[in-house]
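Here is the structure we will look at, set down as structure tokens.
The values are calculated or read from the model by the stated rules, or taken from the named source; none is laboratory data. Quick caveat: nothing in here was measured; it's all calculated off a predicted structure. FYI the Cβ positions are ideal-geometry reconstructions off the backbone, even for glycines, and counts take in every protein chain you see.
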Amino acid sequence: MNARAADAAAVQASAARLRAAGRAPRLALLLGTGWGSFVAQVQQAEAVPYAELPAFAVPGVRGHAGRAVLGRVGPHEVIVLAGRVHAYETDEPVGMNGAIRTLAALGVQALVQTNAAGSLDAALPPGTPMLLADHLNLPQRSPLAGATGTADATAAAAESRFVSMVDAYCPRLRAQARAAAARAGTPLTEGVYAWVLGPQFETPAEIRMLRLLGAQAVGMSTVPETIVARQAGLRVLALSLITNLAAGLGDEPISHARTLAVAQEASTRCVPLLEAVVAALEV
Ligand code: HPA
């Protein structure tokens with residue numbers, strides 16, 4: 001069996017394991033750093049560890065649990081992926097390919113991603129959520145390059161790697177999210193998210209560059225998953241939780257521990273916001 005056939009078989013096996021839970025989720029959430037406590041909002045929850053899903057890579061970073069939780073949020077059957085593998089763990093931006101293709105195989109129509117990010121904009125202080133309007137793929141690395149870039153070995157799949165990134169973050173879902181946030185009394189600013197490979201934080205000079213390029217937030221995730229999800233035909237919505245002012249813009253030292261601490265404090269506001277947003281999405 002070649003690598004792509006093995007990948008496709010792992011996706012089918014993972015989807016079969018998740019189907020055994022007897023649910024039919026149309027909406028998926030991928031919880032990033034600081035958003036993990038959202039899983040407590042899932043009703044009638046059934047958890048499956050990533051280790052039982054052959055297409056899922058197990059994350060190695062503190063604050064990323066690595067389990068899929070099936071259940072209900074508001075009107076939706078959902079599957080919540082608690083934990084992601086970051087490109088900086090392997091130097092390959094393909095760590096979530098199998099997981100996202102499994103979602104598509106399950107019949108999921110839309111993916112809501114969350115992450116933690118640094119702010120490049122004084123109007124977005126730590127503790128604020130930001131809706132992604134677009135992204136900058138700074139490393140110019142793609143989860144669709146190489147052997148795992150196509151879902152299987154067919155010619156059609158090989159063609160499918162030329163994916164449009166216009167409206168990568170679905171305008172309709174974004175409008176529904178903004179309207180839900182406004183009703184909940186939490187204004188939701190939109191901005192451009194710059195993906196950096198990390199894992200080191202940026203230099204102040206790099207942050208000045210990102211500001212010139214038009215980014216409002218910077219982080220180490222989300223973009224590879226958006227690309228694979230678009231290839232797989234999923235609509236994408238993504239929310240950042242701003243955990244710090246980016247390098248050189250504030251006096252506080254930047255660290256992963258501080259990112260987690262700010263996210264923990266903000267989660268009492270962000271988790272209800274995410275719940276309201278999810279409930280309002282039409283998928
Ligand atoms: N830079 C990159 N990634 C991040 C940051 C940051 O300042 N904060 C949280 N994730």
Where a residue in the range 6-21 is under 11 Å from G98 (Cα atoms) and its partner, wherever it lies, is of a type in the set (D, E, K, R) and outside any helix (DSSP H, G or I), with Cβ under 7 Å and at least six apart: A8/D152
A55 being surrounded by 24 or more Cβ atoms within 10 Å (Cβ to Cβ), in a strand (DSSP E or B) and more than 16 Å from the ligand (Cβ to nearest atom): no
Inter-residue pairs, beta-carbon under 7 Å, first in contact (Cβ under 8 Å) with a residue 12 or more places away in the chain and farther than 16 Å from G250 by Cβ and in the range 208-228, second among the polar types (S, T, N, Q) and surrounded by fewer than 24 Cβ atoms within 10 Å (Cβ to Cβ), 6+ apart: V223/N137; I227/S142
Residue within the range 57-68 that is among the β-branched types (V, I, T) and in contact with a strand residue (DSSP E or B) (Cβ under 7 Å, 6 or more places away or on another chain) present: no
L188 crowded, with 19+ Cβ neighbours inside 10 Å, touching a helix residue (DSSP H, G or I) at 6+ places or on another chain (Cβ under 8 Å) and within 15 Å of S240 (Cβ to Cβ): yes
Residues located in the range 126-151, provided they are touching a strand residue (DSSP E or B) at 6+ places or on another chain (Cβ under 9 Å) and either at pLDDT below 95 or crowded, with 19+ Cβ neighbours inside 10 Å (or both): P126, G127, T128, P129, M130, L131, L132, H135
Residue list for the range 170-215, filter: under 15 Å from L124 (Cα atoms) and not aliphatic (A, V, I, L, M): T186, P187, T189, E190, G191, Y193, R211, G214
Criterion violated by E89 - all others in (1) modelled with pLDDT of 95 or more; (2) in a helix (DSSP H, G or I) satisfied: (1)
Members of the range 228-245 that are hydrophobic (A, V, I, L, M, F, W, C) and away from the ligand (no atom under 15 Å from the Cβ): V228, A229, A232, L234, V236, L237
Condition check for G248: at positive phi, within 16 Å of the ligand (Cβ to nearest atom) and either surrounded by fewer than 24 Cβ atoms within 10 Å (Cβ to Cβ) or not charged (D, E, K, R) (or both): yes
Tally, over the range 256-275, of residues that are out of contact with any helix residue (DSSP H, G or I) (no Cβ under 7 Å at 6 or more places or on another chain) and touching a residue at least 24 places away in the same chain (Cβ under 8 Å): 11
The one condition in (1) crowded, with 19+ Cβ neighbours inside 10 Å; (2) more than 18 Å from the chain's Cα centre (by Cα); (3) in a loop (DSSP other than H, G, I, E, B) that V94 fails to fulfil: (2)
Residues that are away from the ligand (no atom under 14 Å from the Cβ) and either among the polar types (S, T, N, Q) or in a loop (DSSP other than H, G, I, E, B) (or both), drawn from the range 197-227: L213, G214, T226
Selected residue (only one of A266, A280, A238, A217 is closer than 21 Å to R84 by Cα, at pLDDT 95 or above and more than 12 Å from the chain's Cα centre (by Cα)): A217
Residue selected from the range 168-196 under the condition over 16 Å from the mean Cα position of the chain (by Cα) and in a loop (DSSP other than H, G, I, E, B), by the criterion nearest to the ligand (Cβ to nearest atom): L188
